[in-house]
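The values are calculated or read from the model by the stated rules, or taken from the named source; none is laboratory data. Source: prediction; values computed, not measured. Positions of Cβ are backbone-derived with ideal geometry, glycine not excepted, and every protein chain shown enters the neighbour counts. Ligands, DNA and RNA are stripped out before the accessible areas are found, and what is left, the full protein with its side chains, is counted by its heavy atoms. Shrake-Rupley method; radii C 1.70, N 1.55, O 1.52, S 1.80 Å.
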Amino acid sequence: MAEHDKEDSVGESMMDKISEKIKGHDSSSDSDSDHEKPKPNSDSLQSKIYRLFGREKPVHEVFGGGKPADVFLWRNKKISAGVLGGATALWVLFELLEYNLLTLVCHCLIVALALLFLWSNFSTFINKSPPRIPEVCIPEEPVLQIAAALRFEINRGFAVLRDIASGRDLKKFLSVIAGLWVLSIVGSWCNFLTLFYFAFVLLHTVPVIYEKYDDQVDAFAEKAMIEIKKQYAVFNAKVLSKIPMGPLKDKKKV
């Protein structure tokens, strides 16, 4: 009887050991499978984040990545402050003091020419070298590049206006009409110089603020775009869908 009990205890201990080995093997295989699972790529997660205006590059690269981008984003604070201060001084002269551009240019030339003329003539009497006036020459290549870029942008603007006037895209048409209407209201409040100065100030302040707080701004913009799309869907279903559209591009002529 005692031998039979010993055999039963030995059998139970062997079964326990086998079950422990099986559990250990399952847990190790599970851990191996967990290690083998591909981890989510940070780049793919980053690409899923909503960016304002569909931006995929840093703000600095959006502005071209050159010296203008450095000025707009205040990479060199002295240069950026100098450019903004110069624009502010011009705006004060022309808008607040009501100085005319032609008068300002003539006065600056009078002062500069008078100083250089007196310095050149009196330098021999005071035993100093005459001023070295540099020869100013506008290079041809940058002028041609600017003219070509301006021509390209003007032609693209004409193409967009033609596409809008053709009546094929009602959404774009309404967006342009709304933008022009807002611009006309702003233009009635101030003249072109003040409007240009405000745009210049915004160009030197908004991008650097957005670069600093882009995550918060993008999150808010994503919520706003979702709400705008909902409202546009309602407006499209009730109003725009009932308006007859113009002929399509691929419509065959009879």
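Some values worked out for this structure:
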read-out	value
Unsatisfied cross-links (Cα-Cα over 28 Å) in the set LYS171/LYS212; LYS57/LYS229; LYS67/LYS128; LYS77/LYS229; LYS172/LYS230	LYS171/LYS212; LYS67/LYS128; LYS77/LYS229
Long-range Cα-Cα pairs in region 78-122 (distance over 16 Å), rounded percent	56 percent
Global geometry of region 118-254, whether rounded, prolate or oblate, following the gyration tensor of its Cα atoms and the 1.5 cut on a/c	prolate
Carbon and sulfur %, accessible surface of region 74-204 computed with the full protein complex present, 1.4 Å	73 percent
Summed residue charge, Cβ within 14 Å of GLY157's Cβ, Lys/Arg positive, Asp/Glu negative	+2
Check: region 194-237 dipole with +1 on Lys, Arg Cβ and -1 on Asp, Glu Cβ, in debye	200 debye
Options SER123, LEU96, GLY167, ranked by Cα towards positive dipole end of region 96-217, top entry (Cβ charges)	GLY167
R0 of 41 Å, Cβ-Cβ distance LEU113-ILE177: FRET efficiency to nearest 0.05	0.20
Whether region 126-171 is rounded, prolate or oblate, judged on the alpha carbon gyration tensor where a/c under 1.5 counts as rounded	prolate
Å² per residue, accessible surface of region 82-174 at 1.4 Å	85 Å²
Residue-wise HN-Hα coupling along region 93-108, computed from phi with Karplus coefficients 6.51, -1.76, 1.60 (Hz; x: Gly, Pro)	5, 7, 9, 7, 8, 6, 8, 7, 5, 5, 5, 5, 4, 5, 5, 5
Computed Kirkwood radius, in angstrom, where 1/r is averaged over Cα pairs of region 58-166	19.1 Å
